[in-house]
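No value in this document is a laboratory result; all are computed from the given coordinates. Only a predicted model underlies this, so the values are computations on that prediction, with no experimental measurement involved. Because the Cβ atoms are built from the backbone with ideal geometry, glycine has one as well, and the counts that use them run over all protein chains shown.
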Amino acid sequence: MTRVFSGIKPTGHLTLGNYLGAMRRWAEMDQHRSEALFCIVDLHALTVDHDPARVRRLSRQAATLLLASGLDPERCTVFVQSHVDEHARLSYLLECVATDGEMRRMVQYKEKAAREQQRGGSVRLSLLTYPVLMAADILAYGTDEVPVGDDQTQHVELTRDLAVRFNQRYGHTFVVPKATHPKVAARVMNLQEPTSKMGKSDDSGPGIVYLLDEPEVVRKKVMRAVTDSGRDVVYDRQERPGVANLLEILAACEGGNPEDLSGVYESYGALKKDTAEAVVEVLRPVQARHRELCADPAYVEGVLRAGSEKAREMARPRVDAAYRAIGLLPS
Ligand code: TYM
């Protein structure tokens with residue numbers, strides 16, 4: 001059976017981008033057709049300036065939202081990264097396979113490091129090594145497929161390179177995984193800045209739809225989305241990024257294609273109205289289930305505990321094998 005692994009980082013409130021680019025597919029497809037693991041990757045949240053209490057809160061909230069989005073603990077494994085030591089154990093070995101040069105070429109590192117420096121902060125070493133930990137997350141489980149949004153492609157490519165290199169040097173240990181992306185909404189853009197990704201750690205709230213935004217807030221954000229000069233409602237990502245983003249969001253919510261919606265609308269206002277309603281409808285059941293789950297935190301904790309036990313059992317033999325293959329004495 002295909003093994004699937006993916007993760008989400010508790011660095012901010014989860015967004016419509018996270019949902020359409022990743023979470024929705026995990027719930028609707030991946031957990032039904034594969035042996036799937038979904039992880040709240042809390043160690044990754046420590047790579048930038050962080051508040052410990054906030055990380056704890058966001059980790060719990062992310063777990064609750066994953067379950068609210070339809071992940072079923074009977075069908076898949078949901079767990080927290082820091083509860084399974086194998087991730088950090090394997091990460092060190094992979095640091096001994098990766099090079100400084102390839103880490104510095106990672107686009108997300110370059111962007112985030114520049115942002116931290118602009119704010120006058122220092123860049124944590126873990127921000128540089130972060131993609132290696134991500135590779136460890138994936139490789140520890142013999143993962144075949146990694147369902148992610150577009151922005152993670154480079155990290156999954158690095159993971160493949162590290163797996164191949166390790167296997168060539170030390171003998172076959174890791175499955176070489178591949179990234180999979182949704183057909184539509186693999187990169188949802190910020191509504192106020194449609195040339196930048198809608199990111200949960202960004203500061204510009206008005207351009208980001210959060211999964212827990214009230215319907216009225218969603219409507220306001222979508223109705224105020226930046227569109228483009230010109231009037232035709234056509235799908236053109238290069239020339240009309242604002243309109244293209246709305247068409248993608250609408251198509252993703254309704255299960256269609258943005259190209260098919262090109263020319264259907266006569267005004268930006270009408271497109272925005274339908275997009276806002278479609279988003280509200282997609283979020284409605286997730287928010288309702290989230291409310292129920294919040295009333296039962298012991299259930300969520302139980303799911304995470306059972307998930308980490310299962311994940312540990314799955315990861316340990318392969319990570320132990322990697323320790324032996326690379327030349328470390330068995331304990
Ligand atoms: P993170 O937490 O930034 O995002 C979680 C998932 O949501 C997708 N995503 C988007 N998709 C479409 N449009 C957007 N605007 C958008 N924003 C986010 C991401 O592509 C991702 O699939 N490094 C990862 C977390 C991670 C991971 C892993 C993922 C750590 N280890 C192992 C897969 C496998 C990250 O920062 O995701």
Worksheet item: So, in nm, how far is label Glu28 from label Glu254 when the simple model puts each one 7 Å beyond its Cα toward the Cβ?
Response: 1.4
Worksheet, complete the sentence: If unit charges are put on Cβ atoms (+1 for Lys and Arg, -1 for Asp and Glu) and the dipole of the chain is taken about its Cα centre, the option from Ala276, Thr195, Val226 lying farthest towards the positive end turns out to be Thr195
Item to complete: Might you report the magnitude of the Cβ-based charge dipole of region 200-280 about its Cα centre, with Lys and Arg at +1 and Asp and Glu at -1, to the nearest 20 debye?
Response: 260
Worksheet entry | Gain on full stretching of the segment that runs from Glu301 to Glu239 - 0.36 nm per residue minus C-alpha separation | 17.6 nm
Worksheet item: Rounded to the nearest 20 Debye, what is the dipole magnitude of the chain about its Cα centre when Lys and Arg each give +1 and Asp and Glu each give -1 at the C-beta?
Response: 680
Worksheet entry | Dmax and Rg, reported as Rg then Dmax, of region 205-291 (C-alpha, Å) | 12.9, 42
Practice prompt. Can you pull the one-decimal nm distance between simple spin-label points at Ala321 and Thr153, each 7 Å off the Cα toward Cβ?
Written response: 3.1
Practice prompt. Check each of the trypsin sites (Lys or Arg not before Pro) in region 143-172 and keep only those in coil by DSSP with at most 15 other C-beta atoms within 10 angstrom; list them in order.
Written response: none
Worksheet, complete the sentence: Plugging the Cβ-Cβ distance of Arg291 and Ala53 into 1/(1 + (r/R0)^6) at R0 = 22 Å yields, to the nearest 0.05, a FRET efficiency of 0.45
Practice prompt. Enter the Cα centre distance for the pair region 144-185 and region 189-218, rounded to the nearest angstrom.
Written response: 28
Worksheet item: What percentages, rounded to whole numbers, describe P(r) for the chain computed over all alpha carbon pairs with 10 Å bin width beginning at zero?
Response: 6, 25, 32, 24, 10, 2, 0
Worksheet item: For region 234-331, what is the charge dipole size about the Cα centre, in debye to the nearest 20, if Lys and Arg each add +1 at the Cβ and Asp and Glu each add -1 at the Cβ?
Response: 700
Worksheet item: Looking only at GluC sites (Glu not before Pro) in DSSP loops with at most 13 other Cβ atoms within 10 Å, what is the longest site-free stretch of the chain?
Response: 75-238
Response to the item:
Once the dipole of the chain is set up from charges on Cβ (+1 Lys and Arg, -1 Asp and Glu), the residue from the list Pro215, Gly256, Val84 lying farthest towards its positive end is Val84
Practice prompt. May I ask what percent, to the nearest 5, of DSSP beta bridges between residues of the chain are antiparallel?
Written response: 10
Worksheet entry | Dipole axis of region 1-136 (+1 Lys, Arg; -1 Asp, Glu on Cβ), positive-most option in Val107, Leu125, Leu43 | Val107
